[in-house]
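The numbers here are math on the coordinates, done by the rules we state, and not lab data. Remember, it's a predicted structure, so these values are computed and weren't measured experimentally. All Cβ positions, glycine included, derive from the backbone under ideal geometry; neighbour counts span all protein chains shown.
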Amino acid sequence: MSCSLNLKNFSYKIGENKEIRNINLNLSHKEKIAIVGANGCGKTTLLDIIAGVKSRSGGELELFHQKIDSLADYKSVRDFIGYLFQDSDNQFLCPVVIDDVAFGLLNEGIEKEKAYLKAKMMLEDFNISNLQDKIVYNLSGGEKKLVALAGVLVNEPKLMLLDEPTNGLDEDMQLKLVKILQQIDKSIIIVSHHREFIDKIVDKIYKITDDGLVLIS
């Protein structure tokens, strides 16, 4: 199944009083884009809605060529979406690195031996095999981010949503993350304030404004 995302006349609420309107977006197969905007403009909320964590207030949403009218409609597409949270600590479900990376595979019913082999291969691809037996909460911020990303990618999503992926990363870790994301052949939406970072990865940059979602680069 090829990846596609279409938002038409999309709107959603932030808190009780503010509503973001006029969001129109077409994301094609394997396209990489970034969404920027002021603090509190609704960038993370938009990712939450695309991921099926929250509901929109209006407009049309189509994912993987399927119309999504309610959260229940995500049942057939949820496994194709990988979401990297802004705070890596919220991503982890197991205390040990290798167990956490393998968790999603085991949850899908993949045999234990195959799941752990695939998880180890993913850590090798990221050059962080040395972390596999460590406690995730004892890792540095950059190490946590890479382990969390490995846990997302190991399930082979077709659409990746990355919320402020450079938060807490030093320059070396940022460069490592850039190389990984440049090599990933998937559709990606990155929410970030870090323009230098996203310029190295994405094809287009959009900004959330009072007039909706505007293409700026």
What is the dipole size for the chain, taken about its Cα centre, with +1 at each Lys and Arg Cβ and -1 at each Asp and Glu Cβ, in debye to the nearest 20?
420 debye
Using a 7 Å offset from the Cα along the Cα-to-Cβ direction at both Asn22 and Asp69, what is the distance between the two label points in nm, to one decimal?
2.8 nm
Between Tyr116, Val191, Asn127, whose Cα lies farthest towards the positive end of the dipole of region 5-215 when Lys and Arg beta carbons carry +1 and Asp and Glu beta carbons carry -1, centred on the Cα centre?
Val191
Could you please tell me the mean projected area of the C-alpha convex hull for region 101-217, averaged over all directions and given in square nanometres to one decimal?
8.4 nm²
Please give the contour-minus-distance gain from Ser57 to Ile110: 0.36 nm per residue of separation, less the Cα-Cα distance, rounded to one decimal in nm.
15.4 nm
Give me the extension gain from Val214 to Met121: residue separation times 0.36 nm, minus the current Cα-Cα distance, reported in nm with one decimal.
29.5 nm
If you project the alpha carbons of region 40-129 onto their three principal axes, what span does each projection cover, largest first, in Å?
44, 30, 21
Is it possible to state the helix-based mean residue ellipticity at 222 nm for the chain, with each DSSP H run of 4+ residues giving -39500 (n - 2.57), the sum divided by total residues, to the nearest 500 deg cm²/dmol? What is it?
-9000 deg cm²/dmol
How fast does region 151-217 diffuse by Stokes-Einstein, in µm²/s, taking the Kirkwood radius from C-alpha pairs at 10 °C and 1.306 mPa s?
122 µm²/s
What does the charge count around Ile81 come to, taking other residues whose C-beta lies under 14 Å from its C-beta (Lys +1, Arg +1, Asp -1, Glu -1)?
-2
Going by how many other Cβ atoms sit within 10 Å of their own, how do Ile201, Ile14 line up, fewest first?
Ile14, Ile201
Placing each pseudo-label 7 Å from Cα in the direction of the beta carbon, Lys204 and Lys179 end up separated by a distance in nanometres of 3.1 nm
Evaluate the chain: find the radius of gyration of its Cα atoms, find its Kirkwood radius, and give the ratio Rg to Rh.
0.96
